[in-house]
1. For residue 58 and residue 44 in the same chain, what is the full-extension length gain: residue separation times 0.36 nm, less their Cα-Cα distance, in nm?
2. When the chain is fully extended, how far beyond the present Cα-Cα distance does residue 79 get from residue 124, taking 0.36 nm per residue of separation?
3. If N is the number of residues in the stretch 64-143, what value comes out of its Cα radius of gyration divided by 2.2 N^0.38 Å?
4. Which of the peptides 84-93, 133-142, 43-52 is most tightly packed, and how do the rest follow, going by the mean number of other Cβ atoms within 10 Å of each residue?
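Bear in mind that the values in this text are calculations on the coordinates, not laboratory data. Worth saying up front: this structure is predicted, and the values here are computed from it rather than measured. Please note: Cβ atoms are built from the backbone with ideal geometry, for glycine as well, and neighbour counts cover all protein chains shown.
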């Protein structure tokens, strides 16, 4: 059995009453691109480049200097990010292991069921945070610039 396309009918015969006005408005809306001149395109491209260039400049969290470990909202340890080390925090579910390397920190292991804080990986920016909610442990990085935190990214 062969597929036969429907016969071509004029669009005006298919449109509901008043549909010609809608079709005309759609055609007028699509023709605005023809009104753009080379200077308009240059302005649009410059604006797009300026927005793309501003991301690393304005939305960077800054250089992290310290790792802050909290248990139930209380600071239990604070370490500089200069030397490598491991720190174990005992929460309600068990031990959470924090690993610190020069310039970065991460949650190496956690007894929580979903492992979201472990999956977050290495934190490198100031005010970045990894929260192990079931075990009531959090790891955050702090630095000189307190402008943003990782929730705002």
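1. Difference between extended and current length: 3.0 nm.
2. 14.8 nm
3. 0.95
4. Output ranking for 84-93, 133-142, 43-52: 133-142, 84-93, 43-52.
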